[in-house]
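Quick note: the coordinates plus some simple rules give every number you see, no bench work behind them. None of these values were measured; they are calculated from a predicted model. Please note: Cβ atoms are built from the backbone with ideal geometry, for glycine as well, and neighbour counts cover all protein chains shown.
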Amino acid sequence: MPKPRTVALVSDDLMFASQLQIAMQRVGGACALVVGDAVPDVDAVFVDLNTRADERLDLIARLREQRPHLSIAGFCHHGERQLRRRALAAGATRVINNGALQAVALRLVGINVSSDMSDSPDS
């Protein structure tokens, strides 16, 4: 049996936090909520770009520099094409739509789910 996966969430939104925590718990994983910018040792980090975008883009850049192999997923509204490009340039592995958050987290723990997500900034 594979070890449970752990993800971290950088977000002030309690709805995103609740959704991700529940999804991870259902499959035996865990979700650490990040306070400030102290990201624990996890398998992946999800960064909410819906608010405080510049600050969080800086966090993505620091994480990429410190942990080159860490999976970093930014997420925002699907229409934020320029923000998606900036996140990828800062070092995000992918940028997804808000609604794909749970699906991507579950994919990381080995559970395939269908979703309307995109790794492309133009989607």
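Things worth noting here:
- Nitroxide proxy distance, nm - points 7 Å out along Cα→Cβ at Glu55 and His69: 3.2
- Which label in [x] 14.2; [y] 17.6; [z] 14.9 gives the computed Kirkwood radius over Cα pairs in Å: [x]
- Separation in nanometres of the label points that stand 7 Å from Cα toward Cβ, at Met15 and Ile111: 2.2
- Vicinal HN-Hα couplings computed from phi for segment 27-32 (Karplus, 6.51 cos²θ - 1.76 cosθ + 1.60; Hz; Gly/Pro x): 10, x, x, 9, 10, 9
- Across the chain, C-alpha contacts under 8 Å between residues 6 or more apart give a mean separation that, scaled by the residue count, equals a relative contact order of 23 percent.
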